[in-house]
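The values are calculated or read from the model by the stated rules, or taken from the named source; none is laboratory data. Bear in mind that the values here come from a model prediction, so they are computed numbers and not experimental data. In this analysis, Cβ positions are derived from the backbone assuming ideal geometry, glycine residues included, and neighbour counts consider all displayed protein chains. To get the accessible areas, we keep the full protein, side chains included, count just its heavy atoms, and leave off ligands, DNA and RNA. Shrake-Rupley method; radii C 1.70, N 1.55, O 1.52, S 1.80 Å.
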Amino acid sequence: MSDTIITTKNLIKTFIDGDRETKVLKGVDIEIKKGEFIAIMGRSGAGKSTMLYQVGLLDTPTSGEIIIDGVDIHNLAEEERIDFRLNKLGYVFQDYALLPDLTARENVALPLLMQGLDKTTAYARADEVLDAVGLEGKYNSIPPKLSGGQQQRVSIARALAHNPAILFADEPTANLDIESSMKVLKIFQEIHAKGQTIVMVTHEAEYAKVADRVIMMVDGVVSEGGIY
């Protein structure tokens, strides 16, 4: 059995705006192994976030192959893609993407309830992962009452609650101060040490040092010699 969890072959993504076509990904081939912590780096416009959105199934490539955990994503119907995302993948975004009127516990429990867990089980699991990211006692706090760093930790707890095969993080420290950023990276290091596969987009070379490998993107392709 292969230990590769993500494979892309000749991945192309073109955005069309009226008569204008912009090719953002220009044939990307990557392989990521189970349990790896990968940082995707590159200048603004290099295609790194677009790449994450393709392999994270948040967008559909123009052409090319994506195979995740042995599944050829091209063969999935839209409903199957949604189910795959919900059950297999976890996401952390730079803007946290929390529902402001729900408590930290409710935000974390929501995907579990969508998976069909009963409320008692979902809330117990939510409290468990909130504890794991250092938010004991914040279960009933709504996002506007939390700092940016705390909101990002709620976002991480939500992403991890269902034990995803892969955690995707798009610039997870972009809106945080250095202290909060280091707390987020420490959480990533701790869950990676337990075997979690992580794919993180960052523009901070210093933060990429926590990863096992860096994939450097330049103008829509993986830079030659840009995986190290």
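Before moving on, here are some points about what is shown:
- For region 55-74, filtered to residues that are more than 23 Å from PHE93 (Cα to Cα) and touching a Ser or Thr at 6+ places or on another chain (Cβ under 7 Å), the residue that is least open to solvent (accessible area, probe 1.4 Å) is GLY64.
- Qualifying residue in region 161-182 (condition: charged (D, E, K, R), closer than 27 Å to VAL55 by Cα, buried (at least 19 other Cβ atoms within 10 Å of the Cβ) and in contact (Cβ under 8 Å) with a residue 24 or more places away in the chain): yes
- Leading residue by the ranking (most open to solvent (accessible area, probe 1.4 Å)) among those in region 183-228 that are of a type in the set (S, T, N, Q) and in a loop (DSSP other than H, G, I, E, B): GLN196
- Contact map, region 18-46: first residue without any contact (Cβ under 8 Å) to a residue 12 or more places away in the chain, second residue open to solvent by 60 Å² or more (accessible area, probe 1.4 Å), Cβ cut-off under 6 Å, separation 6 or more or different chains; pairs are THR22/PHE15.
- Among the residues of region 29-54, those identified as crowded, with 20+ Cβ neighbours inside 10 Å and in a loop (DSSP other than H, G, I, E, B) are GLU36, GLY42, ALA46, GLY47.
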